[in-house]
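Right, one structure below, let's go through it.
The values are calculated or read from the model by the stated rules, or taken from the named source; none is laboratory data. Predicted, not measured: the structure shown is a model, and the values here were computed from it. A quick note on method: Cβ atoms are made from the backbone with ideal geometry, for glycine too, and the neighbour counts reach across all protein chains shown. For the accessible areas, the whole protein counts, side chains as well, though only heavy atoms, and no ligand, DNA or RNA atoms are used. Shrake-Rupley method; radii C 1.70, N 1.55, O 1.52, S 1.80 Å.
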Amino acid sequence: MSVSARSLLASSRPSILRAAFPAARLSSTSAKPVSLKERLAELIPKELENVKATRAEHGKKSFGPVIVDQLYGGMRGLPALIWDGSVLDAEEGIRFRGKTIPECQALLPKAPGGSEPLPEGLFWLLVTGEIPTQEQVAELSRDWAARSALPEFVEEILDRCPPTLHPMSQFSLAVTALNHNSAFAKAYQDGISKKDYWGPTFEDSMDLIAKLPNIAGRIYCNVFGKGKLPAIDPSKDYSHNLSTLLGFGDNEPFVELMRLYLTIHSDHEGGNVSAHTGKLVGSALSDPFLAYAAALNGLAGPLHGLANQEVLIWLRKMQAQIGEDASDEAVKEYIWATLKGGQVVPGYGHAVLRKTDPRYTAQREFALKHLPDDKMFKLVGQIYNLVPDILLEAGKAKNPWPNVDAHSGVLLTHYGLTQMQFYTVLFGVSRAFGVAAQLIWDRALGAPLERPKSYSTAAIKKMFQNKA
Ligand SMILES: CC(=O)SCCNC(=O)CCNC(=O)[C@H](O)C(C)(C)COP(=O)(O)OP(=O)(O)OC[C@H]1O[C@@H](n2cnc3c(N)ncnc32)[C@H](O)[C@@H]1OP(=O)(O)O
Ligand SMILES: O=C([O-])CC(=O)C(=O)O
């Protein structure tokens with residue numbers, strides 16, 4: 001969104017807010033506002049009808065031809081999945097249920113005194129397509145705090161991991177082990193009817209999200225020797241509690257950063273490696289813990305979520321090699337050396353985006369507000385001015401612009417969270433919101449087992465052998 005469009009949004013904020021924050025409707029069974037589960041129960045029958053009507057009208061229509069290069073080329077552009085939480089436009093970037101990041105920043109409820117959106121509100125938006133009230137978001141914070149404790153054996157698994165085991169591997173182990181108490185797995189064994197799958201999937205998804213701060217905090221304490229883990233405070237929001245567990249709870253700008261970070265990393269439509277993995281594994285009716293642990297293993301790859309760790313390592317190596325206030329010439333040489341060494345420039349390029357990632361822009365705006373003079377932030381800005389031209393000149397990357405990972409580590413480093421091997425864990429806490437929202441809907445709408453067709457090279461050659 002342009003600067004003028006953003007300022008327009010800001011000036012019309014009171015009327016947007018009035019429309020977006022209706023007085024909380026009360027639940028029919030208590031004086032509490034309607035809960036997320038109650039709202040979902042109302043929405044599911046309507047969405048079942050909507051999908052039925054969409055399939056009746058459009059089910060036999062084609063998106064156009066599939067070409068052989070798409071099979072060899074990582075399925076770029078292949079229409080293959082339904083994903084309702086967000087849609088990615090190559091030029092504009094992500095929209096969560098139709099809303100851009102600046103719109104979410106304006107519309108979603110904030111913490112008292114805060115200015116960044118609460119990720120609780122984003123989760124509500126991803127699940128329902130609606131902006132929640134302040135009370136509904138506060139109720140989600142309380143609900144997640146109440147569900148946050150880990151089973152003792154999961155704590156023990158984490159405590160027994162060697163500190164040399166990458167934090168993402170520890171994260172995935174712990175999430176896999178949560179399957180021990182899965183409501184869905186139990187209900188399935190007890191013979192639950194297909195039409196009721198969404199209920200225990202919802203409960204598991206809520207438990208999963210709720211327990212992630214304790215998992216992340218425990219890994220951080222164990223690996224980086226930060227002493228005893230504090231307790232979750234049920235009166236605080238999710239990001240505040242996560243920050244406390246990492247030792248930054250009394251640093252309000254860091255807590256605000258977490259709120260922004262968890263909001264913008266949550267979802268990036270369905271085809272990215274982590275989201276698609278979660279959906280694929282969930283389609284076998286593996287419970288949300290198993291599905292999300294698989295997603296985390298994908299997020300842990302350096303071309304995907306681990307890139308935020310790689311960016312910081314790359315920046316630190318650069319500083320060690322050419323100094324802290326290096327000239328543009330020296331930085332350019334370092335970038336070229338990376339490319340000539342057959343490596344990628346981490347944090348740049350994207351499989352779908354063809355412009356600067358709006359998540360990068362949101363983080364840059366946060367930095368301009370909170371840490372304009374930070375040296376690493378300035379280096380990130382310097383690199384932004386140099387890398388795109390170099391990637392264009394190198395002539396391979398389809399998108400020379402920065403993605404979300406080019407910026408996040410520098411913000412965390414500024415506040416003292418300097419352990420880059422931990423960064424993807426925070427990404428993994430956030431991505432659970434998007435994957436869980438879709439898992440709930442997949443089970444509510446009866447999404448089938450995923451099983452696309454594969455071909456061998458020999459089969460492809462044979463198929464076209466007598467065709468010009
Ligand atoms: C949260 C996220 O997952 S965002 C992405 C995080 N990942 C990174 O930042 C890692 C660096 N970037 C990349 O490796 C890529 O841009 C990816 C993986 C993100 C996208 O990959 P693709 O869709 O295949 O990109 P694209 O079609 O532009 O690739 C064409 C060529 O350009 C290269 N290229 C793309 N981006 C870069 C880059 N940043 N640096 C160097 N080369 C690049 C590719 O490696 C590929 O080379 P090849 O033909 O020798 O195989
Ligand atoms: O969309 C993608 O392929 C990668 C990405 O940026 C994300 O998952 O956040």
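Condition first: assigned to a helix (DSSP H, G or I) and either within 14 Å of Asp357 (Cβ to Cβ) or polar (S, T, N, Q) (or both). Now tell me which residues in the range 394-424 satisfy that.
Residues satisfying the conditions are Asp405, Ala406, His407, Ser408, Thr413, Gln421, Thr424.
Go through (1) touching a residue at least 60 places away in the same chain (Cβ under 8 Å); (2) within 15 Å of the chain's Cα centre (by Cα) and name the single condition Tyr360 misses.
All conditions pass for Tyr360, except number (1).
Hey, any hits in the range 399-411 for a residue that's open to solvent by 70 Å² or more (accessible area, probe 1.4 Å), among the charged types (D, E, K, R) and within 16 Å of ligand 2 (Cβ to nearest atom)?
No; the residues of the range 399-411 include none that is open to solvent by 70 Å² or more (accessible area, probe 1.4 Å), among the charged types (D, E, K, R) and within 16 Å of ligand 2 (Cβ to nearest atom).
Those residues that are assigned to a strand (DSSP E or B) and touching a helix residue (DSSP H, G or I) at 6+ places or on another chain (Cβ under 9 Å), I need them from the range 62-119; list them, please.
Residues satisfying the conditions are Ser86, Gly93, Ile94, Arg95, Phe96, Lys99, Lys110, Pro117.
In the range 98-151, how many residues are on the phi > 0 side of the Ramachandran plot and open to solvent by 40 Å² or more (accessible area, probe 1.4 Å)?
Of the residues in that region, 2 qualify.
Just checking, does the range 256-265 include any residue being part of a loop (DSSP other than H, G, I, E, B), charged (D, E, K, R), buried (at least 23 other Cβ atoms within 10 Å of the Cβ) and touching a strand residue (DSSP E or B) at 6+ places or on another chain (Cβ under 8 Å)?
no
Taking the condition in contact with a His (Cβ under 7 Å, 6 or more places away or on another chain) and over 23 Å from His276 (Cα atoms), does Asp328 pass?
Here the answer is no, as Asp328 does not meet what is asked.
Residue-by-condition table, conditions (1) assigned to a helix (DSSP H, G or I); (2) open to solvent by 10 Å² or more (accessible area, probe 1.4 Å):
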residue: Pro163; (1), (2): no, yes
residue: Ser169; (1), (2): yes, yes
residue: Leu173; (1), (2): yes, yes
residue: Tyr188; (1), (2): yes, yes
residue: Gly191; (1), (2): no, yes
residue: Lys195; (1), (2): yes, yes
residue: Asp204; (1), (2): yes, no
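Could you grab me the full set of residues in the range 352-398 that are within 16 Å of ligand 2 (Cβ to nearest atom), under 22 Å from Gly73 (Cβ atoms) and either buried (at least 19 other Cβ atoms within 10 Å of the Cβ) or among the acidic types (Asp, Glu) (or both)?
Leu353, Asp357
Can you name every residue in the range 271-306 that is within 12 Å of ligand 2 (Cβ to nearest atom), touching a Gly at 6+ places or on another chain (Cβ under 8 Å) and either open to solvent by less than 10 Å² (accessible area, probe 1.4 Å) or assigned to a loop (DSSP other than H, G, I, E, B) (or both)?
Result: Ser274, Ala275, Ala295, Leu299, His304, Gly305.
Exactly one of these conditions fails for Asp325: (1) surrounded by fewer than 20 Cβ atoms within 10 Å (Cβ to Cβ); (2) part of a helix (DSSP H, G or I). Give me its number.
Result: Asp325 fails condition (2) only.
Of the numbered conditions (1) assigned to a helix (DSSP H, G or I); (2) within 12 Å of ligand 1 (Cβ to nearest atom); (3) touching a strand residue (DSSP E or B) at 6+ places or on another chain (Cβ under 7 Å), Leu353 satisfies every one except a single condition; which is it?
(1)
Need pairs with beta-carbon distance below 8 Å; first residue away from ligand 2 (no atom under 16 Å from the Cβ) and within the range 325-344, second of a type in the set (Phe, Trp, Tyr) and at pLDDT 95 or above; sequence gap 6+ or separate chains.
Close Cβ pairs (under 8 Å, with a partner that is of a type in the set (Phe, Trp, Tyr) and at pLDDT 95 or above) amount to Ala326/Tyr334; Thr338/Trp314.
If you check Arg95 against the conditions, is it surrounded by 14 or more Cβ atoms within 10 Å (Cβ to Cβ) and closer than 16 Å to Gly271 by Cβ?
The answer is yes for Arg95.
Would you check which residues across the range 308-321 are in contact (Cβ under 8 Å) with a residue 60 or more places away in the chain, open to solvent by 10 Å² or more (accessible area, probe 1.4 Å) and aliphatic (A, V, I, L, M) and list them?
Selection gives Ile313 alone.
Answer with yes or no whether Leu150 is in contact with a Cys (Cβ under 7 Å, 6 or more places away or on another chain) and either at pLDDT 95 or above or among the aliphatic types (A, V, I, L, M) (or both).
no
Within the range 279-299, is there a residue that is under 22 Å from Pro452 (Cβ atoms) and among the aromatic types (Phe, Trp, Tyr)?
Yes, because at least one residue in the range 279-299 is under 22 Å from Pro452 (Cβ atoms) and among the aromatic types (Phe, Trp, Tyr).
Among the residues of the range 139-177, which ones are over 19 Å from Val429 (Cα atoms) and without any contact (Cβ under 8 Å) to a residue 24 or more places away in the chain?
Those that are over 19 Å from Val429 (Cα atoms) and without any contact (Cβ under 8 Å) to a residue 24 or more places away in the chain: Glu152, Glu156, Arg160, Pro162, Thr164.
For the range 211-226, indicate whether the set of residues that are open to solvent by 60 Å² or more (accessible area, probe 1.4 Å) and modelled with pLDDT of 95 or more is non-empty.
Within the range 211-226, one or more residues are open to solvent by 60 Å² or more (accessible area, probe 1.4 Å) and modelled with pLDDT of 95 or more.
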